[in-house]
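The values are calculated or read from the model by the stated rules, or taken from the named source; none is laboratory data. Computed from a predicted model, the values in this text were never measured in an experiment. Cβ coordinates were reconstructed from backbone atoms using ideal geometry, including for glycine residues, and neighbour counts include every protein chain displayed.
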Amino acid sequence: MAFQTLADLGDLTGRRAVIRVDLNVPMADGRVTDDTRLRAVRPTVDAVLAAGGRAVLLAHFGRPKGKVVPEMSLAPVVPALAAVLDRDVAFATFDDALPDLDVVVMENTRFFPGEETNDTDLAKRFAALGDVYVNDAFSCAHRAHASTEGIARLLPAAAGVTMAAELAALEAALGTPERPVGAVVGGAKVSTKLAVLEHLVEKVDHLIIGGGMANTFLYAQGRDVGASLCEKDMADTARTILTKAQATGCTVHLPQDVVAASAFAEGAPHRVTGLGDVGAEELILDAGPETAEHLKRVIAACRTLVWNGPLGAFELKPFDAATVALAREAAALTISGALVSVAGGGDTVAALAAAGVRDAFSHISTAGGAFLEWMEGRTLPGVAALEHQADESSVA
Ligand code: ADP
Ligand code: MG
């Protein structure tokens, strides 16, 4: 991957960097309830200021759909950002003159209809705010918007510190990984992760399929899954993926034993059972202990692990057992230096946090949609716009 980083932009004395960041933080009663995304902004802002520059931050908030929606103003996020950055931060709408302060947050980019349509005139308006462009919002890189893609073609452009770290971690996991590579794909449905499965069978040595989608694969193999979540209309697709895996030499690991429950509820009566013995009224809510032990051995033989989706209905105890067991094994292997581990996905990150191993993984992506599109092997427009520039400057 060839993309410019902040260092390539050189001395920023007297120059303004327009920085696309992710300020789409959870809020309640006008206050920020989780400042994880704000903390991710700090390394780049600090670096720009250290290089003598000033920072103008562009970000969206919520989905105002091209209209000014006062409840979706970024103004209430500014005090929390100032606290995290430990410096004064000004706020400006696009009608204001740019305040004379080192860090300025601009109003919600999605108040403009041209943001999501990647309108050239809007990209020019954004570009006019500064001299260079820095994209530090990997979570928005799967969208070709004026503030993520259009603007990158109008100014010298680079990846910010957080974005560069994310790209490096993802490259190490699936771009040029150390083999064997294992992937865990779990969660509710095959249909939402079809493209991920199709891409991974070409890329990884071991594909571990868990969660509700494992039921669809078991069903496709002629197993009775009772009343479990199962997409019967995806059986053909599941068989195609298994055939493709055979052709590419990817070993697919499906549950060998399961936890069958009488209801989709916390603490529901349940039993561990082999395949072929699931009652018509029962629901498979987790992989069984034998499977968990087997999967621990599989990842212990891997050098790289990519993980999206829990192995069971982890929000309902005790159906988190297989997910927690495998997560702890991955964490221990990572800490010992034997494994590079990358995980992403809203529920996956919640499951790893609940298992107490969030910080032990090599890299945790909170990028959501962008992480999944990357797992599908897609080129993200926001990243491609930075690569394009690196190509041009390497020719020059
Ligand atoms: P992520 O947000 O990490 O991408 P998903 O949203 O795809 O993950 O999957 C998480 C959901 O999958 C959880 O709500 C979990 O309850 C559900 N799930 C996992 N296993 C099962 C199962 N066996 N039956 C029903 N739901 C399941
Ligand atoms: Mg989810």
> Hey, any hits in the range 170-178 for a residue that's small (G, A, S) and either modelled with pLDDT of 95 or more or touching an Asp or Glu at 6+ places or on another chain (Cβ under 6 Å) (or both)?
Replying inline: no
> If a residue has to be assigned to a helix (DSSP H, G or I) and surrounded by fewer than 17 Cβ atoms within 10 Å (Cβ to Cβ) to count, how many in the range 220-240 make the cut?
Replying inline: 5
> Given L254, L275, which one is surrounded by 14 or more Cβ atoms within 10 Å (Cβ to Cβ), at pLDDT 95 or above and either farther than 30 Å from T334 by Cβ or within 16 Å of ligand 1 (Cβ to nearest atom) (or both)?
Replying inline: L254
> Which of the residues belonging to the range 190-231 are within 13 Å of ligand 1 (Cβ to nearest atom) and basic (K, R)?
Replying inline: K193
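Quickly run through the range 332-348 and pick out the residues that are more than 16 Å from ligand 2 (Cβ to nearest atom) and under 27 Å from K189 (Cβ atoms). Show your work before the answer.
Initially, the range 332-348 is screened for residues more than 16 Å from ligand 2 (Cβ to nearest atom), giving 332-342.
Listed by number, the residues that qualify are S341, V342.
Only helices (runs of 4 or more DSSP H) wholly contained in the range 96-189 count here; list those with 2 or more residues that are over 17 Å from the mean Cα position of the chain (by Cα) and more than 16 Å from ligand 1 (Cβ to nearest atom). Reasoning before the result, please.
Working: elements: 113-116, 120-127, 161-170.
Answer list for the range 96-189: 113-116, 120-127.
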> Quick one: A351 ticks every box in (1) more than 16 Å from ligand 2 (Cβ to nearest atom); (2) surrounded by 24 or more Cβ atoms within 10 Å (Cβ to Cβ) bar one, so which box is it?
Replying inline: (1)
> Here are some residues: A144, A168, A188. Which one is surrounded by fewer than 23 Cβ atoms within 10 Å (Cβ to Cβ), within 16 Å of ligand 2 (Cβ to nearest atom) and not polar (S, T, N, Q)?
Replying inline: A188
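Would you check if L229 is within 16 Å of ligand 2 (Cβ to nearest atom) and either within 21 Å of T323 (Cα to Cα) or under 25 Å from the mean Cα position of the chain (by Cα) (or both)?
Details: within 16 Å of ligand 2 (Cβ to nearest atom): yes; either within 21 Å of T323 (Cα to Cα) or under 25 Å from the mean Cα position of the chain (by Cα) (or both): yes.
Criteria met by L229.
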>> Where the second residue is part of a loop (DSSP other than H, G, I, E, B) and not aromatic (F, W, Y) and the first is on the phi > 0 side of the Ramachandran plot and lies in the range 330-348, which pairs have Cβ atoms under 8 Å and are six or more apart or on separate chains?
In response: G345/G187; G345/G309; G345/G368
>> Residue under question is L49, and the condition is that it be surrounded by fewer than 20 Cβ atoms within 10 Å (Cβ to Cβ) and at pLDDT 95 or above; does it hold?
In response: yes
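With surrounded by fewer than 22 Cβ atoms within 10 Å (Cβ to Cβ), more than 19 Å from the chain's Cα centre (by Cα), away from ligand 1 (no atom under 13 Å from the Cβ) and of a type in the set (V, I, T) as the only criterion, which of T334, T379 stands out? Give the steps one after another, and end with the answer.
Working: T379 fails: more than 19 Å from the chain's Cα centre (by Cα).
Step by step, each of T334, T379 is checked, and only T334 is surrounded by fewer than 22 Cβ atoms within 10 Å (Cβ to Cβ), more than 19 Å from the chain's Cα centre (by Cα), away from ligand 1 (no atom under 13 Å from the Cβ) and of a type in the set (V, I, T).
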